[in-house]
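Engineer: To start, I am sharing the structure in question, which I have written as structure tokens.
The values are calculated or read from the model by the stated rules, or taken from the named source; none is laboratory data. Just so you know, these numbers come straight off a predicted model, no measurement behind them. Reconstructed Cβ throughout: ideal geometry from the backbone, glycine too, with neighbour counts over all protein chains shown.
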């Protein structure tokens, strides 16, 4: 019997690179979907495909039994429409190919809350991926701590570039950060897992922290103090421009992230721990690992 083929859309991104590596190390036949397959030099077999071009997906799905969807258009002004169209096309191509499971990494946030456009889009993607009939496993996460992740890089650069923080009200919002290694472990754990197919799970690390506490903890690990002065009237638009001044985060992506920071993103349903019971990494250890990876990368 041939080895089942797993397709990873977004396999060259922050989460995808690590996922592809660990799937390959686990002996999986991994296919990495990319718009430029000739440029891929990591593990897995590159295959051409672009979620914004539905006609390019048929070949990518040939022989695939399960697919990961790690794609978003965060830096685009029309990201909601782009992400909706891409998710619909991906789900339809998966159904036509007979795929048995789609796994999607979405965002935490209470449905009863006034969710940001970013988080509303993530919810819409969840439903559109499965609209053609393929069972979807959704993992919802908040801030992912790891070298190269946009939310983590924003946190690190704010701490390292400023002698003190002048902050808006949203820094008091609570979140439940999770280490990138734990996210990948969950993503692999739900693959072909009958207890996970067709279900939505919330994932997070062991600690619930306000953004300001996360910033202070990073500063302490780096051996410095970080005075914080709150300015309640600092609007999301001004916040995103302020971020662009002191970090290399794109203004549009920063605005999208800031808009989401008014929503509390913590795990309300811990049922994933019944399916995959392992101890997640504490925030300080996740930060140290991310800083070590950055040093090693040069």
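Engineer: Which condition breaks for residue 196 when tested against (1) out of contact with any strand residue (DSSP E or B) (no Cβ under 6 Å at 6 or more places or on another chain); (2) part of a loop (DSSP other than H, G, I, E, B); (3) in contact (Cβ under 8 Å) with a residue 60 or more places away in the chain?
Structural biologist: In the conditions (1) out of contact with any strand residue (DSSP E or B) (no Cβ under 6 Å at 6 or more places or on another chain); (2) part of a loop (DSSP other than H, G, I, E, B); (3) in contact (Cβ under 8 Å) with a residue 60 or more places away in the chain, residue 196 misses (1) alone.
Engineer: Right, here's the next one. Under 6 Å by Cβ, and 6 or more places apart or on different chains, what pairs join a residue from the stretch 158-179 that is farther than 23 Å from residue 224 by Cβ with one that is at pLDDT 75 or above and surrounded by fewer than 20 Cβ atoms within 10 Å (Cβ to Cβ)?
Structural biologist: What qualifies is 173/264; 174/208; 174/210; 174/264; 174/266; 176/208; 176/266.
Engineer: So, in the stretch 10-28, of the ones that are touching a helix residue (DSSP H, G or I) at 6+ places or on another chain (Cβ under 7 Å), at pLDDT below 95 and closer than 15 Å to residue 40 by Cα, which residue ends up surrounded by the fewest Cβ atoms within 10 Å (Cβ to Cβ)?
Structural biologist: Checking each candidate, the answer is 10.
Engineer: Check 71, 134, 99 and return the single one that is touching a strand residue (DSSP E or B) at 6+ places or on another chain (Cβ under 7 Å), closer than 24 Å to residue 192 by Cβ, in a loop (DSSP other than H, G, I, E, B) and at pLDDT below 95.
Structural biologist: 71
Engineer: Could you please let me know if residue 84 is in contact (Cβ under 8 Å) with a residue 24 or more places away in the chain, assigned to a helix (DSSP H, G or I) and surrounded by fewer than 18 Cβ atoms within 10 Å (Cβ to Cβ)?
Structural biologist: yes
Engineer: Within the stretch 18-51, which residues are touching a residue at least 40 places away in the same chain (Cβ under 8 Å), part of a helix (DSSP H, G or I), over 10 Å from residue 70 (Cβ atoms) and touching a strand residue (DSSP E or B) at 6+ places or on another chain (Cβ under 9 Å)?
Structural biologist: If the condition is that a residue be touching a residue at least 40 places away in the same chain (Cβ under 8 Å), part of a helix (DSSP H, G or I), over 10 Å from residue 70 (Cβ atoms) and touching a strand residue (DSSP E or B) at 6+ places or on another chain (Cβ under 9 Å), then 23 is the only one that fits.
Engineer: How many of the residues in the stretch 1-16 are touching a residue at least 60 places away in the same chain (Cβ under 8 Å) and in a helix (DSSP H, G or I)?
Structural biologist: 2
Engineer: Checking the structure you have, find out if any residue of the stretch 139-156 is farther than 24 Å from residue 185 by Cα and either modelled with pLDDT of 90 or more or part of a loop (DSSP other than H, G, I, E, B) (or both).
Structural biologist: No, there is no match, as no residue in the stretch 139-156 is farther than 24 Å from residue 185 by Cα and either modelled with pLDDT of 90 or more or part of a loop (DSSP other than H, G, I, E, B) (or both).
Engineer: Sticking with this structure for a sec: Which one of these is touching a helix residue (DSSP H, G or I) at 6+ places or on another chain (Cβ under 6 Å), at pLDDT below 80, crowded, with 16+ Cβ neighbours inside 10 Å and in a helix (DSSP H, G or I): 212, 171, 218, 184?
Structural biologist: One residue alone meets the criteria, 171.
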